[in-house]
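A short write-up of the structure that comes next.
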Amino acid sequence: MIQRLYAHNYRCFENFELNLKSISSCLLIGKNGSGKSAVGDVLELFQKIGRGTNRVGELLTPTDFAWGNQTLPMRFELEALIEQRPFKYEIAFELPNGFRELRVFEEKLSVENTPIYTRDLAQVTVFRTNNNSEAKFLVDWHLVALPIISASSEKDPVQVFKSWLSMLTILSPIPNLISGDSTSETLHLTKDGANFSDWLEGLLGAFPAAYADLDNSLKQVLPDFKDFQRPSTGITSKKLVVQFVRERQSFRVDFEHLSSGEKCFFIWSAILAANKHLGGLFCFWDEADSHLSLSEIGHFISALRQSYQQEGQIILTTHSEEVVRKFSHENTFYLGRKSHLEPTIIRPLSEVYTGKNIVHDLLLDDIEL
Amino acid sequence: MSVNKFEPHLLVLPEDDANRQLVNGFITSPNLNIRAIQVLPVAGGWEIAVRNFLNEEVQKLRTYNQRRFLLLIDFDGDSERRNEVSNQIPEDISERVFVLGVLTEPERLRVMLGMNYEKIGASLANECYRNERKFWAHELLAHNEAELVRLNESVRRFLFPKRGASP
C-alpha cells in the first residue's frame, strides 16, 4: 500500500504531499485544473520506471517543471508498505543550462530506512547488507538507475520494488480505443485501457478462477449477460465476444461493439477480480464514473470500495456528486489552487470541511483551503 | 444495475452528512450484498427526511412490495421521536418502514467511541452480520434494539446472504 506520495516543482505541485497511511480507498475531488489527474501522472511516472522505462526523456520533458522553474530540481518520493516492509524511493531531476533533456540529480531506494542504493548524478552506490560491502558504478545521467540495477533473486528488495511498481494500475479509459482483439498476454494494463483484451488474457492465464468472479460481477450489472468467449482469429490472436441471453434466445456481440459504459463494466469487473486474485492491486482510476448511468454509479463505486476494504488500495477522482456521497470526510481529499500561478493544495475534508452538505457546498464552490 | 425493484431491497434515507458517512462504513462491510441496498441523498434534517418520505416514498412502497425503507435520523435526546415518526407512517406499509438513529447525534457517538463514522458503520454492519451486540449496545444506540430486531428479521436474509451466526 502506498503510504505517502510527494512531488515538488512538477507542473502544479510544490511540496505536494498525499498521505495515505491506513487508507484503502480514497477520493480526490476539486475543480478542473486543481491537479487531480496530475496525481495519476506522478504515479504513472513511477509505474513506467517499474515497467522498465529508464530514459529520462521518455518520462519527463522540460515543460514539466512547475511554471517553467528550471533552477530548482524536480523531486518525487514514494513510500509504500510492500510485503509488510516499508520501502522508500526518491528521485530528483534537473535541467542544467544548455541541456535539452533532464538528467537524474539524485536517486535512492531504501527499505526499513536502510539504503539499498543511492545515486548522485552519474555515481551509483549499491549496498550489500549480507557482506557489508558496496559496489560503485557509473550510469548515464539521462538514465534512471532502478530499471538497470540487477537483482540477485525474486526476493531482492530491488526486484520486489520494481515488480510492485510495474503493477501499479493507472486508469483513464478511452472506450473507443478498446477493441477486444488480443495478440499477447500481459498483467500491465495501459492507462487508456487499449490493451484490455491482452490484460484480460494475462489475468485469466495467470488466474483461471478469476473468470468466475468476472462472470458474477458482470451478471450483476448486465442481467442478460451469459458469458464471454475468446475465440482464436489467428495463430496468436484472439477476439473477445460477449453473449447475451433472454428467454432462450441468445445474441453474440463483438466486444468492440459494446457501449462505452459496458466496456467500463468489463474493466471494473476485471479490476475487482485482479484485486482479489493478485492479493491486492493498486489502482488509480481517473473519473471512474465516466460513461456510467446515474443508477449504476453508486453500486459501481461501492463494489470497488468493498473489495479494496479487504485488500489492495484504490484512488478515484470524480466530478460526480453520487461518487462524492460514497466517500466520507477522512477518505476524501480536496485539491485546489487559487490561480494557475499558484500550487495545488491538498487537504482531507476531515481537516478543512465543517459544513453539513458536501455536495451542496461543492456545487457552490464554498470549500476554502 | 441499480437495485432490482422487484427483488427484496432496502432504501436508506440519511438525515444528514454524519449519518451518510455511517452508512458508507456499513456498506463497505465485506459480507453485505451491496446490490440490495441504495442510499439516498441526505435529507437535511429529520423533519425534512420524514416529510420527503411521506410525500415521495409512501406511494412507491405500495407499488414495490419488496421495498424496505430505513429512515436514519438523529433523536436529539428525544426518546419519543421514533413514536412521533412511526405514528405518521401509513399502516399498510409500516411493517416495511424502519426508524433508526443515534439517541443524541452521531458526532457525540463518534467522540465517545474515538472512531470515525465509517469505522463505526462498518462495526455496526459486522455486528448485524454476526448477530452480535457490542456497538449496538452502546448507550447512544441501545434504544434502537426493538427496531433493530424488526429490521433484521426483514432484511437480513437478502442483505447478508452469506450469514454469520444464527440469530
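The values are calculated or read from the model by the stated rules, or taken from the named source; none is laboratory data. Since the structure is predicted, the reported quantities are computational estimates derived from the model, not experimental observations. Cβ sites come from the backbone with ideal geometry, for glycine too, and all protein chains shown count toward neighbours.
The residues listed here are A:171, A:218, A:240; of these, the one that is more than 22 Å from the chain's Cα centre (by Cα), closer than 21 Å to residue A:290 by Cα and not charged (D, E, K, R) is A:218. Criterion applied to A:79, A:94 was being crowded, with 18+ Cβ neighbours inside 10 Å and over 21 Å from residue A:43 (Cβ atoms), and the one residue passing it is A:94. State yes or no: is residue A:163 surrounded by fewer than 17 Cβ atoms within 10 Å (Cβ to Cβ) and within 27 Å of the chain's Cα centre (by Cα)? So residue A:163 fits the description; yes. Condition check for residue A:221 on (1) within 22 Å of residue A:303 (Cβ to Cβ); (2) modelled with pLDDT of 95 or more: one failure, at (2). Comparison of B:58, B:50, B:12 shows that the only residue that is in contact (Cβ under 8 Å) with a residue 24 or more places away in the chain, more than 10 Å from chain A (Cβ to nearest Cβ) and out of contact with any Leu (no Cβ under 8 Å at 6 or more places or on another chain) is B:58. Being out of contact with any His (no Cβ under 7 Å at 6 or more places or on another chain), free of Cβ contacts under 8 Å to residues at least 60 places away in the same chain, at negative phi and within 12 Å of another protein chain (Cβ to nearest Cβ) is a condition met by no residue of the stretch A:233-251.
Condition check ((1) surrounded by 12 or more Cβ atoms within 10 Å (Cβ to Cβ); (2) under 24 Å from residue A:68 (Cα atoms)) across all residues:
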| site | (1), (2) |
| --- | --- |
| A:103 | yes, yes |
| A:107 | yes, yes |
| A:112 | no, no |
| A:115 | yes, no |
| A:118 | yes, no |
| A:121 | yes, yes |
| A:125 | yes, no |
| A:133 | no, no |
| A:143 | yes, yes |
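Out of B:23, B:50, B:12, one residue alone is over 12 Å from the mean Cα position of the chain (by Cα) and among the β-branched types (Val, Ile, Thr). It is B:50. The set of residues in the stretch B:17-39 being touching a residue at least 60 places away in the same chain (Cβ under 8 Å) and at the interface with chain A (Cβ under 8 Å from one of its Cβ atoms) consists of B:21, B:24, B:25, B:27, B:28, B:29, B:32.
When residues in the stretch B:27-47 are screened for being within 15 Å of the chain's Cα centre (by Cα) and within 25 Å of residue B:89 (Cα to Cα), 9 of them pass.
Touching a helix residue (DSSP H, G or I) at 6+ places or on another chain (Cβ under 8 Å), surrounded by fewer than 21 Cβ atoms within 10 Å (Cβ to Cβ) and within 30 Å of residue A:310 (Cβ to Cβ) - does that describe any residue in the stretch B:48-67? No.
Taking the stretch A:43-68 as the range and being among the small types (Gly, Ala, Ser) and at negative phi as the test, the residues that pass are A:50, A:57, A:66.
Of the residues making up the stretch A:25-51, those that are within 24 Å of residue A:338 (Cα to Cα), among the small types (Gly, Ala, Ser) and in a helix (DSSP H, G or I) are A:37, A:38, A:40. A single entry from A:337, A:325 fulfils the requirement of being charged (D, E, K, R) and surrounded by 23 or more Cβ atoms within 10 Å (Cβ to Cβ): A:325.
Which strands (runs of 3 or more DSSP E) sit wholly inside the stretch A:52-115 and have at least 2 residues that are free of Cβ contacts under 8 Å to residues at least 40 places away in the same chain and under 30 Å from residue A:22 (Cβ atoms)?
Those strands (runs of 3 or more DSSP E) span A:85-94, A:103-111.
For the stretch B:80-118, the candidate set comprises residues that are exposed (fewer than 14 other Cβ atoms within 10 Å of the Cβ) and in contact (Cβ under 8 Å) with a residue 40 or more places away in the chain; within that set, the residue that is nearest to the other protein chains (Cβ to nearest Cβ) is B:107.
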